[in-house]
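Undergrad: The structure under discussion is supplied below as structure tokens; questions concerning it will follow.
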């Protein structure tokens with residue numbers, strides 16, 4: 001049984017985000033530090049890591065992708081051993097507040113059709129569907145969503 005420990009969210013290094021990323025079973029491959037850095041370079045980025053008992057257990061990498069007043073939540077994940085504790089919700093709350101404080105008007109995010117838990121979470125969190133990118137396999141279709149702040 002999981003003990004209820006305090007979840008600490010902090011702006012952190014990409015190294016700690018990559019460490020958590022390697023534990024997320026849904027991701028087909030484990031991305032290295034350079035892959036992350038290449039994605040957000042030359043952008044205003046926000047790297048959040050969630051900690052329980054000084055161990056990194058969740059992360060979120062976001063950046064100013066479109067330069068249109070929105071902030072793009074590019075990749076997020078929680079170690080499966082620490083799910084159902086509200087970690088993703090706390091990461092999102094931090095992202096919303098940080099984005100508002102930095103002048104952004106909405107959050108954009110993209111997920112896959114087969115990531116049902118994430119789609120459900122995003123809908124419950126007030127995100128709206130804006131577009132579907134078709135892929136050869138319908139399960140791999142990308143779902144674009146956004147939420148006004």
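Here, each number is a calculation from the coordinates, and none is a lab measurement. A quick note: this is a predicted structure, and the numbers were derived from the prediction, not measured.
Undergrad: Binning every alpha carbon pair distance of the range 9-50 at 10 Å from zero, what are the percents per bin?
TA: Per 10 Å bin, starting at zero, the Cα-Cα P(r) for the range 9-50 comes out as 28, 56, 16 percent.
Undergrad: What span do the alpha-carbon atoms of the range 44-114 cover on each of the three principal axes, reported in whole Å from largest to smallest?
TA: Cα extents, longest axis first: 37, 30, 16 Å.
Undergrad: Of 58, 77, 126, which is the most mobile in a GNM of the chain whose springs link Cα atoms less than 10 angstrom apart?
TA: Largest GNM mean-square fluctuation: 126.
Undergrad: Using a Gaussian network for the chain with springs between C-alpha atoms less than 10 Å apart, which of these wobbles most: 98, 135, 74?
TA: Maximum fluctuation in the GNM of the chain, among the listed residues, is at 135.
Undergrad: For the chain, would you read off the P(r) tail past 22 Å as a percentage of all alpha carbon pairs?
TA: More than 22 Å apart: 39 percent of the Cα pairs in the chain.
Undergrad: What number, in percent, do you get for the relative contact order of the chain if the mean sequence gap of Cα pairs under 8 Å and at least 6 apart is divided by its residue count?
TA: Worked out over the chain, it gives 18 percent.
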